[in-house]
Amino acid sequence: MEPVVTIRGLSKTYSRGETTVTALHEVDLEIRKGEFCAFVGPSGCGKSTLLSLVAGLDQPTAGEIVIDGRSTKMLSSQAWTTMRRETIGIVFQAFHLVHGLTAEENIALPLMLRGEQGRDISARVDELLHRVGMSHRRHHRPGELSGGEQQRVAIARALVHQPRLLLADEPTGNVDSHQGAEIMALIQGLAQSGGQTVLLVTHSAQAALAADYTWSMCDGRLVSRTTPTTQTGLSS
Ligand SMILES: Nc1ncnc2c1ncn2[C@@H]1O[C@H](COP(=O)(O)OP(=O)(O)O)[C@@H](O)[C@H]1O
Ligand SMILES: [Mg+2]
């Protein structure tokens, strides 16, 4: 399988006055098509920074990210926006739904931004509402939904344009453990059936079990790669 994401020598430093923080330090990584990869590690180890660089929401200090064989080094912010609309879906811890819009309108947004037309949009939105179990809440606004329900809508919105790459930063961080397990099952099931490649950031060892393998991070570096089998000792 060809790599969907190749990362070479990726570093990110933040400067605040006199102090410099190295959030990522020369990360090398290859993620293949259809893989579900989790990143775990203590708060501040660079997980969100890594994901936001892959999403083009922030620029690296050094190194390069190749997505679908295409270097992103020279992409303008306009080109990154196009890349996200076509190739990337993102789920955040804080949901980031548009508060004035209903569940179905939120899910439709990525398609409308791509200029798709009414009938195609509503068929696709219906399908996603169904798949995340939210058809009965389609006319509700985010403020009228529980955290877990909001995250279901956010997952539907992230996947509605069938992105090749799904990025999820602590998707279970704002929901209780029961809802968190449901959210993870949803991401796992939808990504697998759609052949999507998933990069999940989490500090939950339980959530990471949904992944094919897990990279542990520390101080801006990838430290070790484990699979659920070696984590749980099922092989012995
Ligand atoms: N915009 C920023 N400005 C300055 N420092 C930042 C910024 N974003 C992140 N950092 C720092 O970079 C490091 C990594 O942050 P982050 O990637 O958010 O970690 P994680 O998601 O693993 O908790 C932390 O030390 C954090 O304080
Ligand atoms: Mg984070």
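Looking at the stretch 1-119, the pairs of alpha carbons with a distance over 21 Å make up 49% of the total.
The orientation-averaged shadow of the Cα convex hull for the stretch 88-236, equal to a quarter of the hull surface, comes to 9.8 nm².
The stretch between residue 43 and residue 58 holds 3.5 nm of extra length on full extension. This uses 0.36 nm per residue minus the Cα-Cα distance. Annotation for residue 73 and residue 113: the two label points, set 7 Å from Cα along the Cα-Cβ direction, are 2.7 nm apart. If you take the charge dipole of the stretch 1-101 about its Cα centre, with +1 on Lys and Arg Cβ and -1 on Asp and Glu Cβ, which of 89, 5, 67 is farthest toward its positive end? Among 89, 5, 67, the one farthest towards the positive end of the dipole of the stretch 1-101 is 89. Seen through its C-alpha gyration tensor, with square-root eigenvalues sorted a ≥ b ≥ c, the stretch 153-194 comes out prolate because a/c lies at 1.5 or above while a/b is bigger than b/c. Rounded to the nearest Hz, the phi-derived 3J(HN,Hα) couplings of the stretch 133-144 under the Karplus curve 6.51 cos²θ - 1.76 cosθ + 1.60 (θ = phi - 60°) are x, 10, 4, 6, 10, 4, 9, 7, 8, x, x, 9, where x marks glycine and proline. Assuming a ≥ b ≥ c are the square roots of the Cα gyration tensor eigenvalues, decide whether the stretch 132-171 counts as rounded (a/c under 1.5), prolate (otherwise, with a/b larger than b/c) or oblate. Verdict is oblate for the stretch 132-171. Highest mean first, the peptides 165-171, 68-74 sorted by other C-beta atoms within 10 Å per residue fall in the order 165-171, 68-74. The coefficient of translational diffusion for the stretch 177-223, derived via Stokes-Einstein from the alpha carbon Kirkwood radius under 25 °C and 0.890 mPa s, stands at 210 µm²/s. Were the residues from residue 174 through residue 206 laid out at 0.36 nm apart, the gain over their Cα-Cα distance would be 10.0 nm. The length gained on full extension between residue 99 and residue 193, counted as 0.36 nm times the residue separation minus their Cα-Cα distance, comes to 30.9 nm.
Each value in this text was obtained by applying a stated rule to the coordinates, not by laboratory testing. Every value quoted in this text rests on a predicted model; they were computed, and no experiment measured them. FYI the Cβ positions are ideal-geometry reconstructions off the backbone, even for glycines, and counts take in every protein chain you see.
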